[in-house]
Amino acid sequence: TDTTVEIADGYRPHALSKGWGWTVLDLAEGGKLNAWNAGEMAAKGQVLIYLDADVLVSPPLVAQIASALSVDAPRYASGRPNVTVSDDDALTRHYTRFWLTTPFMVHGVPGFGVFAMNRAGRARWGNWPDIISDDTFARLNFSPEERLSVPATYDWPMIEGFRRLVQVRRRQDIGVAEIETRYPALMANDDDHDRTEPVLRRALRDPVAFVAFALVRLTIRLPVLRSDNRWVRGR
C-alpha cells in the first residue's frame, strides 16, 4: 500500500473550484489492467487519457488532446515527449541521444508516457488484454492517419543505469514481439520507417551515442541481466 489515494484526493478541492468532476477509485484488487478497466467504466467524458505516474505534462497538453479528439471518428492522440536524463548517468545520456534518432522517435506519434483516445476509438476492443506492451497495443489499434500529435510537450524520464536500461528495454522488445504473435493484424498500422536517416550516417555523426546504444542492444540479446519479473521497471 502507499498514499496514492490520499495524494489524488488532495486535489479534489482545486478541481471542484474549477468546476471539474473529480473521482478517485480505491480498488481492493490491485493491478494496472484492473485499474484501467475500472477507471474507464467510472469515467464520464468522451476523451480518455492514460498517464504514467512519473510523467509531467505541460499546462496546454490536456486541453490540446481534448480538442484534437473532439470528433466522431475514432482517433488517438499524444503530445511531444521531452525525454529527461540525469546529469549523473553518462551512458544513459549517450544511449538516449541515439535512441531519439530511431524511426520510432522520428516518425509518427510514439505515445509512451501519455496517450489518449476518444470513446469511438476505445470501442475497438473490449477489456484491456493481459499483455506487456499495452501502450503499443493501443497505438496500433489506430492507423497512422488516425494518430494525432499535438504540439504541447510532456516530460518523460528515461530509465537510468545500465542494468535497468537493459532489463526494461528487453521487456519492451518482448512486449512488441508478443503483440506481433497474438495480434499480427495490428502490425499493419505501424509507421513506415523507410524515411529514417540510415544508421551508418547517424552513427558517424555521433559515434559515442551509437556505441552506447549498440552496447545496450547487444546486451539485450545476451543471456545476462535477465529478470523473471514480467513487469520489471526502471523506476
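The values are calculated or read from the model by the stated rules, or taken from the named source; none is laboratory data. Here the structure is a predicted model, which means the values were calculated and not measured. Note: ideal-geometry Cβ built from the backbone for every residue, glycine included; neighbour counts use all protein chains shown.
Tabulated data for the structure shown
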item: Hits in the range 5-31 - residues which are of a type in the set (Asp, Glu), more than 25 Å from residue 63 (Cα to Cα) and at pLDDT 90 or above; result: 6, 26
item: Residue list for the range 74-121, filter: of a type in the set (Phe, Trp, Tyr), within 12 Å of residue 138 (Cβ to Cβ) and outside any loop (DSSP other than H, G, I, E, B); result: 76, 115
item: Condition met for residue 154 (out of contact with any Pro (no Cβ under 9 Å at 6 or more places or on another chain) and hydroxyl-bearing (Ser, Thr, Tyr)); result: no
item: Residues that are surrounded by 14 or more Cβ atoms within 10 Å (Cβ to Cβ), within 14 Å of the chain's Cα centre (by Cα) and assigned to a loop (DSSP other than H, G, I, E, B), drawn from the range 51-64; result: 52, 55
item: Filter result (acidic (Asp, Glu), under 20 Å from residue 126 (Cα atoms) and exposed (fewer than 11 other Cβ atoms within 10 Å of the Cβ)) within the range 8-42; result: 29
item: Every residue from the range 1-50 that is assigned to a loop (DSSP other than H, G, I, E, B), small (Gly, Ala, Ser) and either touching a residue at least 60 places away in the same chain (Cβ under 8 Å) or within 27 Å of residue 150 (Cα to Cα) (or both); result: 19, 21, 43, 45
item: Qualifying position, being among the β-branched types (Val, Ile, Thr), at pLDDT below 95 and closer than 19 Å to residue 146 by Cα, among 71, 106, 114, 62; result: 106
item: Scope the range 130-153; condition part of a loop (DSSP other than H, G, I, E, B) and in contact (Cβ under 8 Å) with a residue 60 or more places away in the chain; matching residues; result: 130, 132, 141, 142
item: Close pairs (6 angstrom Cβ cut-off, 6 or more residues apart or separate chains): among the acidic types (Asp, Glu) in the range 180-199, modelled with pLDDT of 95 or more anywhere; result: 180/187; 191/144
item: Restricting the range 197-212 to residues that are at pLDDT below 95 and not in a helix (DSSP H, G or I), the residue that is nearest to the chain's Cα centre (by Cα); result: 197
item: Lone unmet requirement of (1) buried (at least 17 other Cβ atoms within 10 Å of the Cβ); (2) in a helix (DSSP H, G or I) for residue 159; result: (2)
item: Those residues of the range 74-108 which are under 25 Å from residue 167 (Cα atoms), touching a strand residue (DSSP E or B) at 6+ places or on another chain (Cβ under 7 Å) and buried (at least 21 other Cβ atoms within 10 Å of the Cβ), in sequence order; result: 96
